[in-house]
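Trainee: The structure's right below; bear with me while I get my questions together.
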Amino acid sequence: VILKAQAIAPGLAAASTREVADPAAAKAAAAELLTIDDGGRKPRGILVEARPRGKAVYSLSFTYDGTTKRPVVAATNMAGKIDDLADEHPDRIVRRHFSALYPFSDYIAKELAKSLSLEGNDLKRMTRIVSGLARLFLKYDLADLDITSLVKLGDGNFVVLDVEADLEIEARHRQRPMLDELGFGKDDLRQVREPTEFELEGARIDEEDPRGIISPIAEFDGNIGLVIGAGGGSLTLTDAVRKHGGRPANYAAIGGNPSVDKARRLTKLVLTKPGVEKIAVMSNVVSNTRADLVARGVIKGITELGFEPKDKILIFRVPGAWEADAAKILEKYGVEYCDRTVSISEAARRAVEKVG
């Protein structure tokens, strides 16, 4: 039989399954599975199923395509996670995009199933499965839905052996009834690890001042402190630092026109993090964030720590609204201001080069 611990946490799929052949082994495996840490609570239970005798196996994955900004379903006639399989067998993965605004069409599911060379009753059954999962994906605001093993049995029916689902964090309020049923509290984010003191303090700074936003916040083992903005551009900035050989000490995206005090407190938090030598202040072109307020806050935070801004700022690239004023402020303290003619990649390169 197969024993599957019902663990509601990412990263535990591989560790939550055991295959056993006799009652004694099943008892031992169950005792072990019940000790799994699923992010603060034990598994809700153990599912016991007879090992299916399958004639064929498939995998499905529903997620969002960042390039097209649309949901996408991918499938293959192999078992495993689509992301992993795509690296080794890209030619065996088929994909179809669909709309997040309109009802899912069975035609898309049928096209996908045909691409897997299914026909007859197999085609009909797979079409129903894909359509049902796509509607579930949209209904419950999922960010990811992975079927890592969809087996065709000897009688022609299909059975799902393993499912991994990830809820979009911003949809928690809409999915409150489901989360309540699963035992999730309003503040229960089911994180893989407990937040660090650095991350908790960053969240407190954000919560205590409603002007602007600092989110998300993450701590790394690096020496370059990052005070960055631009929404998704902040991810690009972080990746650019790594690309050029730098080691980010944190991720903390600040935006939404933060106050001077918010920028000040974030700067002090980042600079006092153990291992941080200097900070890079970078952003994409801003419109609703004032570059001069960010500059004032960063400089104030540095001077309150007893340092000279020119000795702690690797680069300041926040082009956009009020950038002329920001440049004047920085010039007074001997800090070079970079406008939009300096690309994100070039700004990251300069920062890494200066930290040595």
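The values are calculated or read from the model by the stated rules, or taken from the named source; none is laboratory data. Source: prediction; values computed, not measured. Positions of Cβ are backbone-derived with ideal geometry, glycine not excepted, and every protein chain shown enters the neighbour counts.
Trainee: Looking at (1) at pLDDT 85 or above; (2) surrounded by 16 or more Cβ atoms within 10 Å (Cβ to Cβ), which one does K27 not meet, given that it meets all the others?
Mentor: The single condition K27 does not satisfy is (2).
Trainee: To continue, here is another question. Any chance you could count how many residues in the stretch 297-322 are part of a helix (DSSP H, G or I) and surrounded by 20 or more Cβ atoms within 10 Å (Cβ to Cβ)?
Mentor: Number of matching residues: 7.
Trainee: Of the residues I228, I224, which single one is modelled with pLDDT of 95 or more and of a type in the set (V, I, T)?
Mentor: I224 is the lone residue from the list that is modelled with pLDDT of 95 or more and of a type in the set (V, I, T).
Trainee: Got a number for residues in the stretch 328-354 being more than 28 Å from the chain's Cα centre (by Cα), closer than 21 Å to S234 by Cα and in a helix (DSSP H, G or I)?
Mentor: Residues flagged as more than 28 Å from the chain's Cα centre (by Cα), closer than 21 Å to S234 by Cα and in a helix (DSSP H, G or I) within the stretch 328-354 amount to 2.
Trainee: Evaluate the stretch 37-49: report whether one residue or more is within 26 Å of the chain's Cα centre (by Cα) and of a type in the set (A, V, I, L, M).
Mentor: no
Trainee: Restricting to the stretch 100-140, and then to whatever is in contact with a Leu (Cβ under 8 Å, 6 or more places away or on another chain) and charged (D, E, K, R), can you tell me which residue is surrounded by the fewest Cβ atoms within 10 Å (Cβ to Cβ)?
Mentor: Filtering the stretch 100-140 for residues that are in contact with a Leu (Cβ under 8 Å, 6 or more places away or on another chain) and charged (D, E, K, R), the one surrounded by the fewest Cβ atoms within 10 Å (Cβ to Cβ) comes out as K114.
Trainee: Related question: What number goes with the only condition from (1) at pLDDT 95 or above; (2) farther than 23 Å from R247 by Cα; (3) under 29 Å from the mean Cα position of the chain (by Cα) that V286 does not pass?
Mentor: So the condition that V286 fails would be (1).
Trainee: Would you please name the residue that is nearest to Y64 (Cα to Cα), looking only at residues in the stretch 154-173 that are of a type in the set (D, E, K, R) and surrounded by 14 or more Cβ atoms within 10 Å (Cβ to Cβ)?
Mentor: My answer is E168.
Trainee: Hey, can you tell me all the residues within the stretch 236-257 that are modelled with pLDDT under 95 and either among the polar types (S, T, N, Q) or under 19 Å from P210 (Cβ atoms) (or both)?
Mentor: Listed by number, the residues that qualify are T236, T238, A252, A253, I254, G255, G256, N257.
Trainee: Could you check the stretch 110-157 and list, in sequence order, the residues that are among the hydroxyl-bearing types (S, T, Y) and either on the phi < 0 side of the Ramachandran plot or in contact (Cβ under 8 Å) with a residue 60 or more places away in the chain (or both)?
Mentor: S115, T127, S131, Y140, T148, S149
Trainee: OK, next. Do we find a residue being assigned by TED's automatic domain parsing to the domain that holds A351 and under 18 Å from E336 (Cα atoms) anywhere in the stretch 250-271?
Mentor: Yes, the stretch 250-271 contains a residue that is assigned by TED's automatic domain parsing to the domain that holds A351 and under 18 Å from E336 (Cα atoms).
Trainee: Still on this structure, I have one more. Looking at this structure, is L101 within 22 Å of A143 (Cβ to Cβ) and of a type in the set (A, V, I, L, M)?
Mentor: It is true that L101 is within 22 Å of A143 (Cβ to Cβ) and of a type in the set (A, V, I, L, M).
Trainee: Tell me whether the stretch 338-352 contains one or more residues that are of a type in the set (A, V, I, L, M, F, W, C), under 21 Å from I217 (Cβ atoms) and at pLDDT 95 or above.
Mentor: yes
Trainee: To continue, here is another question. Determine, yes or no, whether E181 is modelled with pLDDT of 90 or more and not aromatic (F, W, Y).
Mentor: Answer is no for this residue.
Trainee: Here's something else I'd like to know. In the stretch 280-292, which residues are crowded, with 21+ Cβ neighbours inside 10 Å and assigned to a helix (DSSP H, G or I)?
Mentor: Answer for the stretch 280-292, where residues must be crowded, with 21+ Cβ neighbours inside 10 Å and assigned to a helix (DSSP H, G or I): just A291.
Trainee: Taking the condition of being among the charged types (D, E, K, R), loosely packed, with under 15 Cβ neighbours inside 10 Å and over 12 Å from I299 (Cα atoms), how many residues in the stretch 323-335 meet it?
Mentor: 1
Trainee: I'd like the full set of residues that are part of a strand (DSSP E or B) and free of Cβ contacts under 8 Å to residues at least 24 places away in the same chain, limited to the stretch 54-77.
Mentor: Residue satisfying the conditions is A74 alone.
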